[in-house]
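Below is one structure, written out as structure tokens, with a few remarks after it.
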Amino acid sequence: MKLALVSTSLALLLWVSLACADFDGTAVDANLNATARPDHIVLTWSDDPATTQTVSFRTALGVAAGSVVCWQAGKDADEAASQAAAATPFRTAATDQVQGSCLLWTATLTDLEPMTRYSYLVRTEAGRSAAYSFTTGPRPGSPAPFTFLVFGDSQSGAPRNPDYRVWHETVTAAYARNPDARFLMNVGDFVEVGHYYMHWNNWFAAARDVIACIPEMPVQGNHETYVDAEEKTTAKPTYLTAQFRVFANGPEGLGGQTYSFDYGDAHFAVLDSQEDEEAKIAGPVLPKQAAWLADDLTRSAKTWKLVFFHKTPFYNKAARANELLKSVLGPVCESHGVDLVFNGHDHGVSRTYPIKNNRLLSQPGDGTVYYVTGRSGAKTYDDLTRKVWDAFFYDPQDQSCYLTVRIDGPRLTVRAFQADGTPLDSYTIDKKDPSAGTITAAPARFNKTRTVVYGDFLPGQALISKSGSAAQDAQGTWFVDARAFMSYLGGSASYQDGTTWLFLAGKSYAVPSDRARFNSDKVLTISAGAIHDLLGFQYRYDDALNALCFAK
Ligand SMILES: [Fe+2]
Ligand SMILES: [Fe+2]
């Protein structure tokens with residue numbers, strides 16, 4: 001009996017080892033590990049989800065023909081229809097770790113019946129894949145309920161170690177618990193280095209049992225633009241756009257990166273938030289997307305409007321504001337009734353209060369909720385905090401996580417889970433009965449003006465006294481606690497021989513004498529204007545909170 005147990009354990013270990021062997025660090029060869037037999041099978045949509053299905057796969061060079069064979073599930077496979085696939089050569093960039101090539105094949109099945117289960121396989125002259133099944137979407141505008149999955153930041157966390165075991169565990173566990181999920185959204189940073197093919201090879205292997213069965217709709221992250229391990233050089237995310245075929249309805253120059261589609265009674269808009277990485281190589285990307293999004297949302301009459309982009313305007317990571325992103329995309333989403341914005345990038349799970357015009361609100365539907373998805377891969381950050389705009393926050397240090405979104409007529413519920421299924425959060429918007437939604441009481445107005453830096457309240461002495469030397473002086477200038485402000489940034493402030501000095505990152509700044517003062521509590525304060533001029537911070541007074549908010 002004992003021997004049998006040992007034998008079983010060894011067999012299990014061997015199976016796990018073999019099963020993981022192609023996504024935990026496997027190197028790629030000059031064929032990028034592609035063979036004459038098809039693999040990297042992935043479903044996406046590039047046309048109506050109710051009546052079409054796009055299928056993509058990979059082979060080595062030299063394969064002459066590929067096709068997708070499809071038949072209604074449960075019916076005789078002899079009645080299958082065959083759709084020829086088109087091949088596009090793919091070559092790794094000159095900067096990649098491996099120089100190699102393969103063929104990427106795509107076919108779009110058309111004239112399918114809505115809400116119908118189909119089986120399919122892909123084949124070449126050298127072999128065929130296993131058979132998989134998918135279900136077509138509902139007729140446009142259908143109120144039929146459905147669920148989809150959202151994953152954030154599946155990257156390995158190590159540029160030279162493309163280990164996608166955590167992503168594998170997360171995506172397979174989420175799908176196993178939600179076999180009725182119709183598709184998944186991945187909100188960016190699929191891989192650690194977007195122009196290192198080894199990462200993509202292992203990413204596909206890790207997700208293969210899910211993405212061959214439900215469409216994977218991509219949202220591009222900043223890591224998809226990285227050319228080198230040091231993240232010094234960026235390029236268009238060509239590895240991503242070559243491997244995922246999506247709707248071609250976005251603004252010019254952003255094919256595969258910006259697009260929208262309808263599923264049931266919901267509208268999905270996907271944007272590229274990588275202004276920092278792409279503006280220097282391809283020009284600004286945010287302004288033209290804002291115009292496109294405004295038009296796209298205006299034309300949609302769907303009950304639900306959901307927007308996806310990678311970098312979040314409402315961050316959790318220390319000192320990582322996205323003020324430009326917030327100012328360009330936020331007003332478009334909030335003024336066009338977007339219910340939820342799904343983001344990634346910060347690897348935490350967080351949900352804001354409903355927000356409109358910088359106001360934190362309580363009632364679902366009164367503003368846009370920004371949901372940061374958390375990590376589905378191995379990478380964690382150790383400087384995440386709950387910010388003033390967060391109604392929910394969880395730092396997934398211990399486990400990766402995922403979201404489910406259930407839309408049932410006028411009711412939408414988004415839930416967050418740890419990879420082992422432990423529930424983290426549940427938030428409901430009910431458009432028929434708003435009182436049945438999740439009410440999140442927005443922060444009350446503070447009696448005394450608070451200082452907020454990057455969404456964090458300054459502790460202790462940062463509380464600005466309204467007695468004596470007030471927060472606002474006779475000229476209407478705000479003054480804040482200099483030492484608390486600089487300490488938050490990792491610097492310091494001091495008063496020496498009549499001059500106030502700020503020290504930060506090896507630099508020192510002398511504050512003009514009319515912009516620094518001791519208040520009545522003997523606290524050294526400096527004006528908000530000095531903080532702007534010397535350190536580059538923007539600031540605004542939030543009257544609803546009675547807080548002076550700084551970010552840059
Ligand atoms: Fe990111
Ligand atoms: Fe990331």
Using θ = phi - 60° and Karplus 6.51 cos²θ - 1.76 cosθ + 1.60, couplings along segment 294-307 (whole Hz; Gly, Pro as x): 4, 5, 4, 6, 4, 7, 8, 10, 5, 5, 10, 10, 10, 10
Dipole axis of the chain (+1 Lys, Arg; -1 Asp, Glu on Cβ), positive-most option in C213, P313, A107: P313
Neighbourhood charge, 13 Å Cβ-Cβ cut-off, centred on G100 and excluding it, Lys, Arg +1 and Asp, Glu -1: 0
Tilt relative to the chain, helix 323-335 - C-alpha long axis, 0 to 90 degrees, to 10: 70 degrees
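Kindly flag which residue pairs out of K302/K326; K448/K552; K232/K317; K288/K387; K305/K356; K356/K431 have an alpha-carbon separation exceeding 19 Å in this structure.
Working: K302/K326 24 Å; K448/K552 24 Å; K232/K317 21 Å; K288/K387 30 Å; K305/K356 15 Å; K356/K431 17 Å.
Distance filter (> 19 Å) returns K302/K326; K448/K552; K232/K317; K288/K387.
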With all protein chains modelled, accessible area of D262 [1.4 Å, Å²]: 70 Å²
The chain - convex hull of alpha carbons, volume per residue in Å³: 186 Å³
Derived scalar couplings ³J(HN,Hα) [segment 71-85; Karplus, 6.51 cos²θ - 1.76 cosθ + 1.60; whole Hz; x for Gly, Pro]: 8, 5, 4, x, 9, 5, 5, 5, 8, 5, 9, 10, 10, 5, 9
Solvent-accessible area, 1.4 Å probe, carbon plus sulfur percent, for the chain: 52 percent
Selection from V285, N343, V166, by position along the positive dipole direction of the chain (Cβ): N343
Sequence of I439, I355 when ordered by accessible area, the most exposed leading, probe 1.4 angstrom: I439, I355
Relative counts (whole %) of C-alpha pair distances in segment 175-329, using bins that are 5 Å wide: 2, 9, 17, 21, 21, 16, 10, 4, 1
Environment charge of I407, counting only residues whose C-beta is closer than 14 Å and scoring Lys/Arg +1, Asp/Glu -1: +2
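Using a 1.4 angstrom probe with every protein chain in place, what is the largest-first accessible-area order of E277, E79? Present the calculation step by step, with values, prior to reporting the outcome.
Values: E277 15, E79 130 Å².
Correct descending sequence by accessible area is E79, E277.
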L424 long-range amide H proximity, modeled H, under 5 Å: A416, F417, Q418
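Roughly how big is the chain's charge dipole about its Cα centre, with Cβ charges of +1 (Lys, Arg) and -1 (Asp, Glu), in debye to the nearest 20?
Values: 49 positive and 59 negative charges, 189 e Å.
In debye, rounded to 20, the chain gives about 900.
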Mean Cα-pair separation over length for the chain, i.e. relative contact order, pairs under 8 Å, 6 or more apart, %: 11 percent
Heavy atoms of T477 accessible to a 1.4 Å probe, total area in Å² rounded to 10: 40 Å²
Residues whose placed amide H lies under 5 Å from that of A547, excluding near-sequence neighbours: R450, D542
In sequence order, calculated HN-Hα J values of segment 166-183 (Karplus, 6.51, -1.76, 1.60; Hz; x Gly/Pro): 5, 4, 4, 5, 5, 5, 6, 5, 5, 6, 4, 7, 10, x, 8, 4, 8, 6
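Rounded, prolate or oblate, given the Cα gyration tensor of segment 165-230, with a/c below 1.5 counting as rounded? Before the final figure, lay out each step's value.
Details: a/c = 2.57, a/b = 1.91, b/c = 1.34.
Prolate, because a/c is 1.5 or more and a/b exceeds b/c.
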Solvent exposure, largest accessible area first (probe 1.4 Å, DNA, RNA and ligands not counted), of C401, C213: C213, C401
Accessible area of I211 in the full protein assembly, 1.4 Å probe (Å², nearest 10): 0 Å²
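The values are calculated or read from the model by the stated rules, or taken from the named source; none is laboratory data. If you're wondering where the values come from, they're calculated on a predicted model, not measured in any experiment. Cβ atoms come from the backbone with ideal geometry, glycine included; neighbour counts cover every protein chain shown. What goes into the accessible areas is simple: the full protein's heavy atoms, side chains included, and nothing from ligands, DNA or RNA. Shrake-Rupley method; radii C 1.70, N 1.55, O 1.52, S 1.80 Å.
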